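The values are calculated or read from the model by the stated rules, or taken from the named source; none is laboratory data. Just so you know, these numbers come straight off a predicted model, no measurement behind them. Cβ placement follows ideal geometry from the backbone for every residue including glycine, while neighbour counts extend to all protein chains displayed. Ligands, DNA and RNA are stripped out before the accessible areas are found, and what is left, the full protein with its side chains, is counted by its heavy atoms. Shrake-Rupley method; radii C 1.70, N 1.55, O 1.52, S 1.80 Å.
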Amino acid sequence: MQIIYYADSGPVEQWLAELHTALPLADVRVWHEGDTAPADYAVVWKPPAAMLQHRADLKAIFNLGAGVDAILQLGDALPAGVPVVRLDDAGMAVQMADYVSHAVLRYFRRFDEFDAQARDHQWRFLKPRRKEDFSVGILGMGVLGARIAEVLLSLGFPVRSWSRSRKEIAGVQSHAGADELDDFLAQSQVLVCVLPLTPQTTGILDRNTLARLPKGAYLINVARGAHLVEQDLLDLLDEGHLGGATLDVFREEPLPSDHAFWNQPRITITPHISALTLRGDSVRQIAAKIKQMERGQPVAGLVDRTKGY
Ligand code: NAP
Ligand code: GLV
């Protein structure tokens, strides 16, 4: 079996070694420009079009992340009949749930405001909030959203979700489709975005959406930078409609050093770390799926190209 590997960053030799250990009979090689030798599987992160173009020989393309926007953007360069398989949790859900819970608790307990006071040497009481008034709305209730919801519920927060299809998750108020978005937003004191980036969700976090949140609401974006219309967020923070934002993803990454977000004290910035691809978990998952495919069995995490995720 021949496997070609490409990632735009990261320790190539370690990925190759772990893939080889998990699939000892496979010949795993790094793909380089001009490599058109036969291959059965591709394991990729942000591959160039030239790697996958004309690769109708592949049995599957494995994406080294949950989001497949970078692959699907290749458009016609992506061979039509070849299945694209994304990472399905692989250790990311627990990281994402930790990140989001930390941000929600920070806003709930007003640590952002206490931090600001401490910088000015101020000792001032701030009224505590009640969890029942601090409902968290999660945009996207897939693999990651469901885990975030579970942890927030265990912490006692009211949780609602918004997705394409309605969900039946104990304790979560499910909203589905465009018709139910306004109702969802009006009741979300914290809005968490964990949607895939598709033509339908690009720019969804704009003034129109964010202004429908209750006054003083918070935004947590752990999905993709292009979900957010950046100037709209800055305006709504300046106008006092939003209380703060925690952003892990940006339209341009790394975030340029002169970007206005760095100077807005109500924005907390992290460098796309909310849920990292874990090499061991990912290799185990991909190897298991390759073995399933070789046996003719179905695998989880198949991407629906018409939906875009
Ligand atoms: P997933 O399992 O595919 O879940 C996607 C969810 O979004 C589903 O509930 C889906 O609804 C919903 N959705 C998609 N399009 C929609 C639309 N137009 N309207 C309403 N709901 C829509 O994906 P996942 O594994 O949870 O990952 C989500 C995203 O997180 C990834 O695509 C990636 O971009 C991002 N991510 C970021 C990081 C990071 O470090 N920052 C790490 C990992 C992933 P249905 O359930 O009805 O289909
Ligand atoms: C990371 O951003 C991912 O999509 O896995």
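Would you mention how many residues in the range 48-73 are part of a helix (DSSP H, G or I), open to solvent by less than 10 Å² (accessible area, probe 1.4 Å) and either more than 16 Å from ligand 1 (Cβ to nearest atom) or at positive phi (or both)? Let's see the steps before the verdict.
Within the range 48-73, the first condition is being part of a helix (DSSP H, G or I), and the residues that meet it are 49-52, 69-72.
Retained after the next criterion (residues that are open to solvent by less than 10 Å² (accessible area, probe 1.4 Å)): 51-52, 71.
Subsequent filtering for residues that are either more than 16 Å from ligand 1 (Cβ to nearest atom) or at positive phi (or both) retains 51-52.
Adding up the residues that qualify gives 2.
Within the range 213-235, residues that are of a type in the set (Phe, Trp, Tyr) have Cβ atoms under 6 Å from residues that are in a strand (DSSP E or B) in these pairs: Tyr218/Val190; Tyr218/Gly243; Tyr218/Gly244, counting only partners at least 6 apart in sequence or on another chain.
Collect the residues in the range 86-127 that are more than 16 Å from ligand 2 (Cβ to nearest atom) and of a type in the set (A, V, I, L, M, F, W, C), keeping them in residue-number order.
In the first step, residues of the range 86-127 are kept if they are more than 16 Å from ligand 2 (Cβ to nearest atom); the result is 101-127.
If the condition is that a residue be more than 16 Å from ligand 2 (Cβ to nearest atom) and of a type in the set (A, V, I, L, M, F, W, C), then Ala103, Val104, Leu105, Phe108, Phe111, Phe114, Ala116, Ala118, Trp123, Phe125, Leu126 are the ones that fit.
Every condition in (1) touching an Asp or Glu at 6+ places or on another chain (Cβ under 7 Å); (2) in a helix (DSSP H, G or I); (3) not aromatic (Phe, Trp, Tyr) is met by Ala39 except one, and the failing one is (2).
Taking the options Leu155, Leu237, name whichever one is more than 22 Å from Phe250 (Cβ to Cβ), assigned by TED's automatic domain parsing to the domain that holds Asn263 and of a type outside the set (Asp, Glu).
Values: Leu237 fails: more than 22 Å from Phe250 (Cβ to Cβ).
One residue alone meets the criteria, Leu155.
Applying the set (1) more than 20 Å from Gln297 (Cα to Cα); (2) free of Cβ contacts under 8 Å to residues at least 60 places away in the same chain; (3) more than 12 Å from ligand 1 (Cβ to nearest atom) to Tyr107 leaves exactly one unmet item: (2).
Is one or more of the residues making up the range 13-24 small (Gly, Ala, Ser) and at positive phi? Looking through the range 13-24, none of the residues is small (Gly, Ala, Ser) and at positive phi. Under the condition of being over 20 Å from the mean Cα position of the chain (by Cα), open to solvent by 10 Å² or more (accessible area, probe 1.4 Å) and of a type in the set (Phe, Trp, Tyr), the residues counted in the range 124-171 number 1.
For the range 94-109, the candidate set comprises residues that are over 14 Å from Ile138 (Cα atoms) and assigned to a helix (DSSP H, G or I); within that set, the residue that is most open to solvent (accessible area, probe 1.4 Å) is His102.
Among the residues of the range 274-309, the ones that are part of a loop (DSSP other than H, G, I, E, B), open to solvent by less than 70 Å² (accessible area, probe 1.4 Å) and of a type in the set (A, V, I, L, M, F, W, C) come to 5 in all.
I'd like to check which strands (runs of 3 or more DSSP E) are fully inside the range 110-205 and have at least 3 residues that are among the aliphatic types (A, V, I, L, M).
Numbers: elements: 136-139, 159-163, 172-176, 190-193.
Of the strands (runs of 3 or more DSSP E) lying wholly inside the range 110-205, those with at least 3 residues that are among the aliphatic types (A, V, I, L, M) span 136-139, 190-193.
Here Arg251 meets each of (1) in a loop (DSSP other than H, G, I, E, B); (2) more than 16 Å from ligand 1 (Cβ to nearest atom); (3) over 26 Å from Pro79 (Cα atoms) with one exception, condition (2). Whenever a residue of the range 268-292 is among the acidic types (Asp, Glu), its partners that are open to solvent by less than 30 Å² (accessible area, probe 1.4 Å), lying with C-beta atoms within less than 7 angstrom and at least six residues away or across chains, give the pairs Asp281/Ala90; Asp281/Gly91.
Against the definition (within 12 Å of ligand 1 (Cβ to nearest atom), in the same structural domain as Glu18 (by TED's automatic domain parsing) and surrounded by fewer than 19 Cβ atoms within 10 Å (Cβ to Cβ)), how does Ala77 come out, yes or no? Judged against the criteria, Ala77 is not a match.
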